[in-house]
Ligand SMILES: Cc1cc2nc3c(=O)[nH]c(=O)nc-3n(C[C@H](O)[C@H](O)[C@H](O)COP(=O)(O)OP(=O)(O)OC[C@H]3O[C@@H](n4cnc5c(N)ncnc54)[C@H](O)[C@@H]3O)c2cc1C
């Protein structure tokens, strides 16, 4: 297949890591392109995780993970401010229930200090209960990390991707990379990357493929690591439970991970989980199971007693890209000049992501990739209206200027028609109900889209977008759309002969 498209740098994977790299490359005079196999950004681990900006006391001192976690946490607040991404530095507590666990807290404190985590300290039982009255009386001490926070993870990914596209970057969806070939030395570009539909020529490739990191690495050489996909299931509880705790409440970590946490979310809900289960067959299987959900109830109740499990609004799971390495693997691949990878980006990958992009840029420079500064102006910021976060005066002013902000479509979350329209017209237009949910926050409340779903489908069709709606509620497509069924059973309404590309 002849390469139809060319670029200077090609990123594979549009999760929070791939988009952090793309965002960090905006200031340079380079044509950058992302290939993503799904129909949107943030469709892997980035959309289903605990959403914690970890402080950084957990990774082993001296590792890249320790360094990038602490640095990512430090950069996060300013980044979220620039990109209108919800973030709260609410702090975290690791509970100890015995003297043995108290000793573990001292180890974590020591590690944290060596990693450079600011203001860590151990609380006795009295101070703990004063700070977090909701925790169980059996907790005898806690490690307090004031720099830990909570974030909207898919919004961070989306915001970076939107700003990348607004600056002329391109993303191709439905583009699973299946082949990478090195061209003859006289060819204008060193590599050809092939997807199902197309071929792309480039000199520099960056892998950011999450749980598929080892498979994609195997397209060019035998990987020296393996991904160990590990599923984590969750309970999400209604906002009525959202103030049960005001910090992220962890239990002591063990060999399986950071254990079950209880935490507020930036949307005001309560999240409990995750479990830890290695997947040996379908590594993309994000089911939830009654056994694992019961395990969460039992473990979370040990930390916070009176959680009302009846107020459960959703269960979900995400798959960690754990690997056979105990560190992130971020490097130029040995023997493959110009091919870089960010692999094994397990937790705290989200918290580290604001630092992973800049770190990758440094690696490119060190390897001799020419990165001249952009001559034209560019922007690294994004403004987004979150109607429900405005004051009454600001709301009144906005509605006066544009009455669509006065019409509530999602009653549970108070999302207005104006915000949904903004999402539909955004730089990376949504192609499914779920994608509108990630952009506008619709359907996240108690009714889970039961009331607003049909109106949003209408708005998607009015806008002539490709849309996906859940099985069983398929409206007929207008003449310019055809119907396809997605792997997860959703119907996709695809514009006939559409270029599935976003960007210039
Ligand atoms: C249960 C759970 C809890 C977690 N909790 C936290 C937490 O609280 N804090 C924290 O810091 N971290 C947490 N993490 C880790 C964090 O979510 C991840 O480290 C981060 O999201 C990884 O981002 P990524 O971009 O590397 O991967 P992903 O988000 O998985 O993105 C990879 C992308 O690559 C695409 N792709 C793969 N193969 C191909 C191909 N061949 N062609 C084209 N595209 C391809 C995929 O479709 C996907 O979109 C958690 C993870 C899980 C699963």
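Each reported figure results from applying straightforward, stated rules to the coordinates on display, with no laboratory input. Just so you know, these numbers come straight off a predicted model, no measurement behind them. Please note: Cβ atoms are built from the backbone with ideal geometry, for glycine as well, and neighbour counts cover all protein chains shown.
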Note down the relative contact order for the chain as a percent, whole number, built from C-alpha pairs under 8 angstrom at least six residues apart. 19 percent
What percentage of all Cα-Cα pairs in segment 265-308 are separated by more than 15 Å? 54 percent
For all pairs of alpha-carbon atoms in segment 332-465, what percent lies in each bin of width 10 Å, listed from the first bin to the last filled one? 10, 27, 24, 21, 15, 3, 0
Full-stretch length increase - residue 455, residue 215 - with 0.36 nm per residue and alpha-carbon distance subtracted: 82.4 nm
Two-site label geometry, residue 183 and residue 376: point separation in nm, points 7 Å out along Cα→Cβ: 2.4 nm
Taking the Cα atoms of segment 185-236, report the difference between the largest and smallest coordinate on each principal axis, in whole Å and largest first. 55, 27, 17
Residue 197 paired with residue 314, simple spin-label distance in nm, labels 7 Å along Cα-to-beta-carbon: 2.7 nm
Using the 2.2 N^0.38 Å rule of thumb for compact globular proteins, work out how segment 60-178 stacks up: its C-alpha Rg over that value, please. 1.39
Ranked highest first by average number of other Cβ atoms within 10 Å, how do 185-191, 33-39 line up? 33-39, 185-191
Could you run the Debye sum over the Cα atoms of the chain, one equal point scatterer each and no solvent, and tell me log10 of I(q)/I(0) at q = 0.12 Å⁻¹, two decimals? -1.15
Over the alpha-carbon set of segment 143-290, work out the extent along each principal axis and list the three values in angstrom, largest first. 64, 39, 29
Counting only the backbone N, which residues of segment 191-213 are under 18 Å from the spot 7 Å out from the Cα of residue 331 toward its beta-carbon? 205-210, 213
